[in-house]
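Peer 1: One structure follows; several queries about it will come next.
The values are calculated or read from the model by the stated rules, or taken from the named source; none is laboratory data. Keep in mind the model is a prediction, meaning the values are calculated, not measured. No Cβ is skipped: glycine too gets one built from the backbone with ideal geometry, and neighbour counts run over all protein chains shown. Remember, those area values only see protein heavy atoms, side chains included, never the ligands or the DNA or RNA. Shrake-Rupley method; radii C 1.70, N 1.55, O 1.52, S 1.80 Å.
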Amino acid sequence: MPRRCPLTETLTERGRAKADRRAALLTAAARLFAERGYPGVTLEELGQAAGVSGPAVYRHFPGKAAVLAAILVDASRGLLDGGRRTVDEVAAPDEALRALIRFHVDFALANADVIRVQDRDLDSLGDADAHDVRRLQRSYVELWVGVLARLRPDRAESELRIRAHAAFGLINSTPHSARIHGRRPADRVVRSILEDMAWSSLTS
């Protein structure tokens, strides 16, 4: 059995811990930005929400703008990479579309705060970061259009693109807007409704 290197293990553990702290900071930031808006949150408050001191935040991000950029760029890249993997795993276009819908619904249910930040604070990004987000999002839309075009070759791509955007609007709005007497229904109920409505809107 090969011997383990203590130094390598220590570096790996440090890397994992750093990644965990970064993820905790982004989760806390998304929640605070969603609640108060990007301008209404200080870097010190982000650190407190994530359980670290304000100055410690600078070990991960050069400033608050970089935190916002990381939230939105990471989310857009995660959607594109995950969507590509999802499509690669199935061959039939109808199965690919259903898988994409499930994937996006799962994302929306798990990331309602990120979606609210995207809707409200995208314009607060710097030009380069905004360009990256929009580039990734365009590629994600085209991934859906490509699947839809295989399923509905009789439809113009411009129409399919509109349908994709409409489906995103439906899926993204419901997880943080649907309330019954102030409480959100169970995820399994929301998921079933969203998947059925998205499928109908995309294929009708």
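Peer 1: Roughly what angle does helix 112-121 make with the longest principal axis of the chain, taking Cα atoms, 0 to 90 degrees, to the nearest 10?
Peer 2: Helix 112-121 sits roughly 90 degrees off the main axis of the chain.
Peer 1: Given N residues in the chain, what is its alpha carbon radius of gyration divided by 2.2 N^0.38 Å?
Peer 2: Taking the Cα Rg and dividing by 2.2 N^0.38 Å, one obtains 1.18.
Peer 1: If you roll a 1.4 angstrom probe over the protein chains with everything in place, what fraction of the accessible area of the chain belongs to carbon and sulfur, to the nearest %?
Peer 2: Carbon and sulfur atoms account for 52 percent of the accessible area of the chain.
Peer 1: Keeping all protein chains in the complex and leaving out DNA, RNA and ligands, what accessible area do you get for residue 21 with a 1.4 Å probe, in Å² to the nearest 10?
Peer 2: Residue 21 exposes around 110 Å² with every protein chain in place.
Peer 1: A follow-up question, please. Which whole-angstrom value gives the distance between the alpha carbon centres of the range 120-137 and the range 21-89?
Peer 2: First find each Cα centre; the distance between them is then 14 Å.
Peer 1: Between helix 64-88 and the chain, what is the angle of the helix's C-alpha long axis to the longest principal axis, kept within 0 to 90° and rounded to the nearest 10?
Peer 2: On a 0 to 90 degree scale, this one is about 40.
Peer 1: Under unit Cβ charges (Lys, Arg +1; Asp, Glu -1), what dipole magnitude, rounded to 20 debye, does the chain have relative to its Cα centre?
Peer 2: On the way: 31 positive and 27 negative charges, 92 e Å.
Rounded to the nearest 20 debye, it is 440 debye.
Peer 1: In Å², what does the accessible area per residue of the chain work out to with a 1.4 Å probe? Walk me through the numbers on the way to the answer.
Peer 2: Values: 11510 Å² over 204 residues.
Averaged over the residues of the chain, the accessible area is 56 Å².
Peer 1: While we're here: Could you pull the accessible area for residue 27 with a 1.4 Å probe, rounded to 10 Å²?
Peer 2: 90 Å²
Peer 1: While we're looking at this one, here's another question. About its Cα centre, how strong a charge dipole does the range 38-141 have in debye, to the nearest 20, once Lys and Arg get +1 and Asp and Glu get -1 at the Cβ? Don't jump to the answer; show the numbers that get you there.
Peer 2: Details: 12 positive and 16 negative charges, 18 e Å.
For the range 38-141, the charge dipole is close to 80 debye.
Peer 1: Ranked highest first by the average count of other Cβ atoms within 10 Å around their residues, in what order do 95-102, 58-65 fall? Let's see the in-between values first.
Peer 2: Details: 95-102: 19.6, 58-65: 14.8.
Highest to lowest by the protection proxy: 95-102, 58-65.
Peer 1: Find out how many positive minus negative residues lie around residue 86, taking Lys and Arg as positive, Asp and Glu as negative, among other residues whose Cβ is under 12 Å from that of residue 86. Walk me through the numbers on the way to the answer.
Peer 2: Values: positive: 84, 85, 98, 102; negative: 81, 88, 89, 95, 106.
Local net charge: -1.
Peer 1: Would you kindly find the accessible area of residue 196, with a 1.4 Å probe and non-protein molecules such as ligands, DNA and RNA excluded, rounding to the nearest 10 Å²?
Peer 2: About 100 Å², rounded to the nearest 10.
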